[in-house]
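Reading through the structure tokens given below for one structure.
Coordinate-derived values only; no laboratory data. Note that the structure is predicted; figures quoted are calculated from it, not measured. Cβ: placed from backbone, ideal geometry, glycine included. Neighbour counts: every protein chain shown.
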Amino acid sequence: MENPMLYLSRTRGTLVGARPPLAGVMRTCTPTEAYHRSVNQGSGRKPIGMRPHCYFVLALMALLPPFLCAASFPEYPAKTAKEYPGAQTIAGVTVGIEPLSDPAGQKHYFKEDFLKSNFLPVFVVVENASSGDRIIVKHDDIGVYAGEEKLAKSGPVASGRSTTGEAIAPVVEIGLSLPGMVVAGFLMARAADIRQNVVKKELRSSTLSPGQKDQGFVYLPLPKDPERRKHLRMRVRVMKVGSDEPIDFEFSL
Amino acid sequence: MFSRNALYINVIGLLLLVSSGVSPLAVAQSVPAKLKLNAELVLSPEFCSSEFKRGNGWTAAKERYPVGAKLCPVLEAELPALFLSMKKSEQVPAPNATNADVILVPKIQDISATMKELVVEVEWTALDRAGKTLWVQAIQASGTGKVRGLGTGKLQRKHNEAAIDEVIAKSKDAISSSPELLKLVQ
């Protein structure tokens, strides 16, 4: 079929303000030409390439896909930190967490069942309501541990050892706060879109001024032993700018 | 009739512009003020070699995003404009072993790519001379875009370039507006 726009440009020089030479002349023409001639014969309108409403249909078609894509991974509804059960406030900093352990919820927000890969997504909200302190939230300082061992007061929980040298029973070597990269590694084979969603929803490190908050998911690795899973604890560590003393928030999962 | 068509076309153009995320009323961006600090930029070999690879070329298209290799020279060229002086090093200096007022350490947290978008997450840490953390900020940049015709390589390059441009712009913005660094100047 001939391109309507080509037809328009080809005929523009001869047909402006005139009707196509149909009457009394039988000649072959393309279906597009026949359409335009039949349309324009009665009205005397100048032939155009496409009807105006066609532009709107095309525009709608161009606009629809982004909306559909956005709907595929819904945003997780965030609340203020204090609204989460078990939220804690220390020195004006409030931390609330919400484990997303329900497989249906995981499917809804991630299109993925994390428990199959031994990970637990936990939504974390950190709010700085202190009078004037700025706090540092580092993604790598959020971790999980299991068992009856005492938590190291400082230093990475993953090491299983406190800075004072006191041995902490290495009940689990589940590491901590592994970046979304690791989780997403399990998912990569399935879909790049799922992986990207995991990364986008992840908590990002930041420095918070009074009144600011940081929120997002951390993906905690779970021990394979179901018994150990019963005693899981999560630690969120924040630091005040200019201070060496960390503020630790501990939660049972 | 033509004026009506022109109106339709203008309306459609405006709709497409809005849907593409571009503001019809572009606001001129202000140039960040220079911080009166001597800085040291730590570009480790790990950072500069960070990349995202996927596919084997047989059952799936081979994709490679050498984000670190592209980002390092641009950071080295662009960031000195924010400070009085800047030197580059490959590792974080020992405490009090440098004469820089602030040490900037970028770290690539994650890279993720789809056919539509490349997402790069970079975490910036600013340390003082003694090695104490002053400021931490992660930024997420994404590169999107389309290319004419076929060619996964061209598309990857375009996404890579767009993401790196955004990383640079967001990094400059975050560093120059950091209250901790501004406080250090005073």
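One table, with the values for the structure above:
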item: Cut-off 10 Å between beta-carbons: net charge of the residues surrounding A:GLU202, Lys and Arg +1, Asp and Glu -1; result: +1
item: Residues A:HIS231, A:HIS139, B:HIS159, A:HIS108 arranged by fewest to most Cβ contacts within 10 Å; result: A:HIS108, A:HIS231, A:HIS139, B:HIS159
item: Over 20 Å between alpha carbons, listed pairs A:LYS111/A:LYS201; A:LYS240/B:LYS170; A:LYS82/B:LYS132; B:LYS88/B:LYS154; B:LYS87/B:LYS172; A:LYS200/B:LYS70; result: A:LYS240/B:LYS170; A:LYS82/B:LYS132; B:LYS88/B:LYS154; A:LYS200/B:LYS70
item: Least to most buried among A:PHE251, B:PHE83 (fewest other Cβ within 10 Å first); result: A:PHE251, B:PHE83
item: Residue-by-residue Karplus 3J(HN,Hα) for segment A:197-212, coefficients 6.51, -1.76, 1.60, Hz, glycine and proline x; result: 5, 4, 5, 5, 8, 6, 5, 10, 4, 6, 10, 9, 7, x, x, 9
item: Of A:LYS107/B:LYS53; A:LYS79/B:LYS116; B:LYS53/B:LYS107, those spanning more than 22 Å from alpha-carbon to alpha-carbon; result: A:LYS107/B:LYS53; A:LYS79/B:LYS116
item: Potential extension, B:MET115-B:GLU46 segment - 0.36 nm per residue separation minus Cα distance; result: 22.3 nm
item: FRET efficiency, 1/(1 + (r/R0)^6) with R0 25 Å, evaluated for B:ASN99 and B:ASP173 via beta carbons; result: 0.40
item: Surrounding net charge for B:ILE139, when Lys and Arg each add one and Asp and Glu each subtract one, Cβ distance under 15 Å; result: -3
item: Chain lengthening between B:VAL92 and B:ALA69 when straightened (0.36 nm per residue, less Cα-Cα); result: 6.4 nm
item: Which of B:ASP110, B:ASP165, A:ASP214 has the fewest Cβ neighbours within 10 Å, and the rest in rising order; result: B:ASP165, A:ASP214, B:ASP110
item: Rounded to whole Hz, the Karplus (6.51, -1.76, 1.60) HN-Hα couplings of segment A:214-230, x for glycine and proline; result: 10, 8, x, 8, 10, 10, 8, x, 10, x, 6, 6, x, 5, 5, 5, 5
item: Difference of contour (0.36 nm per residue) and Cα-Cα distance, A:ARG233 to A:GLN212; result: 5.0 nm
